[in-house]
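A.B. asks: Here's a structure for you.
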């Protein structure tokens, strides 16, 4: 019988990402109050950047947390989980920093996007591999 461990690394990662998401949401909402438009960005460049920081995290975080949780429940090594989750959070933070710059074409944003992509490919491959192994075994 397989013992299922609690997905604590995924839970910590989810908690950190939720806090970050709420902070980004708050910054966007406060900027909307001063910039004017309650929907969209109008012509305010600061509001556009803040809205995209919030949106980009929302677009990625949920699917990664689901994947990390499944991987952890399937028995992935804790060190691998800690590294992958830590790198994902770092990648998302770099992306936020990159989108906070006046010039949004910068190293922070590029590294954040490339790292997110690489972690996502690795996560997907590992999920398929472990699931396939469980099916075969």
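The values are calculated or read from the model by the stated rules, or taken from the named source; none is laboratory data. Note that the structure is predicted; figures quoted are calculated from it, not measured. Ideal geometry is used to build each Cβ from the backbone, glycine not excepted, and the neighbour counts take in all protein chains shown.
A.B. asks: Checking the structure you have, find out if any residue of segment 5-21 is at pLDDT below 95 and either out of contact with any strand residue (DSSP E or B) (no Cβ under 7 Å at 6 or more places or on another chain) or surrounded by fewer than 14 Cβ atoms within 10 Å (Cβ to Cβ) (or both).
C.D. replies: Yes, there is a match, as at least one residue in segment 5-21 is at pLDDT below 95 and either out of contact with any strand residue (DSSP E or B) (no Cβ under 7 Å at 6 or more places or on another chain) or surrounded by fewer than 14 Cβ atoms within 10 Å (Cβ to Cβ) (or both).
A.B. asks: Checking the condition assigned to a helix (DSSP H, G or I), surrounded by 15 or more Cβ atoms within 10 Å (Cβ to Cβ) and at pLDDT 95 or above, which residue from 128, 96 passes? So that I can check it myself, show each step before the final result.
C.D. replies: Numbers: 128 fails: surrounded by 15 or more Cβ atoms within 10 Å (Cβ to Cβ).
Matching residue, one of 128, 96: 96.
A.B. asks: Here's a follow-up. Here is a check on your reading of the model: is residue 9 more than 30 Å from residue 131 (Cβ to Cβ), touching a helix residue (DSSP H, G or I) at 6+ places or on another chain (Cβ under 7 Å) and part of a helix (DSSP H, G or I)? Show your work before the answer.
C.D. replies: On the way: more than 30 Å from residue 131 (Cβ to Cβ): no; touching a helix residue (DSSP H, G or I) at 6+ places or on another chain (Cβ under 7 Å): yes; part of a helix (DSSP H, G or I): yes.
So residue 9 does not fit the description; no.
A.B. asks: Kindly indicate whether residue 58 is in contact (Cβ under 8 Å) with a residue 12 or more places away in the chain and under 14 Å from the mean Cα position of the chain (by Cα).
C.D. replies: Details: in contact (Cβ under 8 Å) with a residue 12 or more places away in the chain: yes; under 14 Å from the mean Cα position of the chain (by Cα): yes.
When the stated conditions are applied, residue 58 passes them.
A.B. asks: Additional query: Assess whether residue 33 counts as being in a helix (DSSP H, G or I), on the phi < 0 side of the Ramachandran plot and surrounded by fewer than 12 Cβ atoms within 10 Å (Cβ to Cβ). So that I can check it myself, show each step before the final result.
C.D. replies: Numbers: in a helix (DSSP H, G or I): yes; on the phi < 0 side of the Ramachandran plot: yes; surrounded by fewer than 12 Cβ atoms within 10 Å (Cβ to Cβ): yes.
Yes, satisfied.
A.B. asks: Provide a single number: the residues in segment 61-93 that are crowded, with 20+ Cβ neighbours inside 10 Å, touching a residue at least 60 places away in the same chain (Cβ under 8 Å) and within 10 Å of the chain's Cα centre (by Cα).
C.D. replies: Adding up the residues that qualify gives 3.
A.B. asks: Please tell me if residue 46 is more than 16 Å from the chain's Cα centre (by Cα) and more than 30 Å from residue 129 (Cα to Cα). Show your work before the answer.
C.D. replies: Values: more than 16 Å from the chain's Cα centre (by Cα): yes; more than 30 Å from residue 129 (Cα to Cα): yes.
Judged against the criteria, residue 46 is a match.
A.B. asks: Among the candidates 96, 110, which residue alone is within 19 Å of the chain's Cα centre (by Cα) and within 17 Å of residue 27 (Cα to Cα)? Explain how you work it out, then say what you get.
C.D. replies: Details: 110 fails: within 17 Å of residue 27 (Cα to Cα).
That would be 96, the only listed residue that is within 19 Å of the chain's Cα centre (by Cα) and within 17 Å of residue 27 (Cα to Cα).
A.B. asks: Sticking with this structure for a sec: What are the residue pairs meeting all of these: first residue in segment 103-124, first residue part of a helix (DSSP H, G or I), second residue exposed (fewer than 14 other Cβ atoms within 10 Å of the Cβ) and modelled with pLDDT of 95 or more, Cβ atoms under 9 Å, and 6 or more apart or on different chains?
C.D. replies: Here the result reads 120/63, each pair linking segment 103-124 to a residue that is exposed (fewer than 14 other Cβ atoms within 10 Å of the Cβ) and modelled with pLDDT of 95 or more.
A.B. asks: In this structure, is residue 66 closer than 14 Å to residue 16 by Cα and part of a helix (DSSP H, G or I)? Don't jump to the end; show me each part of the working.
C.D. replies: Numbers: closer than 14 Å to residue 16 by Cα: no; part of a helix (DSSP H, G or I): yes.
Spelling it out, it is not the case that residue 66 is closer than 14 Å to residue 16 by Cα and part of a helix (DSSP H, G or I).
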